[in-house]
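These notes concern the structure reproduced below.
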């Protein structure tokens, strides 16, 4: 689809979603793929900044939470955002393919196992961050400005600004024994 038609298509799409959920707003041009899925409950708030771009499939699920995406943010193929509390993404962030951002997880204990109830904690991603492919950002994470999160990292906790995060993985190769 031509870029100007995609912008027009998304303006119409957001307008009709806004009729259903008053908390859905866009502050400029949206270049969302037609494969983008947005599920927003009535008491949620979603704010897209100017020049939000995504290629391919992006799934956004906001249930009684607040999702704020800054200006000039780019998501590659197969990203997912699940928000039940609060997720804030700063201006100029870039996300590689297959990124997952979850500000919640299921409650569980030793006696009953996994429950259908959730625990949620806010996520904050600073300005101008680059999140590599297959990274997972978990609840309660704060990533400072100008950070790089390497491919395949599972991130939780506080990441100071101007940091590069990688995970040490070793590849073990053994001959097949008969």
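The values are calculated or read from the model by the stated rules, or taken from the named source; none is laboratory data. These numbers were taken from a predicted model, which means no experiment stands behind them. All Cβ positions, glycine included, derive from the backbone under ideal geometry; neighbour counts span all protein chains shown.
A few points about this structure:
- Taken over the stretch 143-178, residues that are surrounded by fewer than 15 Cβ atoms within 10 Å (Cβ to Cβ) and in contact with a strand residue (DSSP E or B) (Cβ under 7 Å, 6 or more places away or on another chain) amount to 3.
- Residue-level check: of (1) surrounded by fewer than 22 Cβ atoms within 10 Å (Cβ to Cβ); (2) at pLDDT 95 or above; (3) touching a strand residue (DSSP E or B) at 6+ places or on another chain (Cβ under 9 Å); (4) closer than 25 Å to residue 166 by Cα, residue 125 misses just (1).
- Any hit, the stretch 104-117, residues being closer than 26 Å to residue 168 by Cβ, assigned to a strand (DSSP E or B) and free of Cβ contacts under 8 Å to residues at least 60 places away in the same chain: yes
- Test: residue in the stretch 123-135 that is farther than 24 Å from residue 72 by Cα, within 15 Å of the chain's Cα centre (by Cα) and in a loop (DSSP other than H, G, I, E, B): no
Okay, residues lined up against (1) at pLDDT below 95; (2) over 27 Å from residue 119 (Cα atoms):
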residue: 36; (1), (2): yes, no
residue: 40; (1), (2): yes, no
residue: 44; (1), (2): yes, no
residue: 47; (1), (2): yes, no
residue: 51; (1), (2): yes, yes
residue: 55; (1), (2): yes, yes
residue: 70; (1), (2): no, no
residue: 83; (1), (2): no, no
residue: 86; (1), (2): no, no
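- Filter result for residue 115 (surrounded by fewer than 21 Cβ atoms within 10 Å (Cβ to Cβ) and under 21 Å from residue 27 (Cα atoms)): no
- One residue stands out in the stretch 67-82 among those that are touching a residue at least 24 places away in the same chain (Cβ under 8 Å) and in a strand (DSSP E or B): the one that is surrounded by the most Cβ atoms within 10 Å (Cβ to Cβ), namely 75.
- Given (1) closer than 20 Å to residue 145 by Cα; (2) modelled with pLDDT of 95 or more, index of the condition residue 79 fails: (1)
- The sole residue among 161, 174 that is modelled with pLDDT under 95 and over 20 Å from residue 75 (Cβ atoms) is 174.
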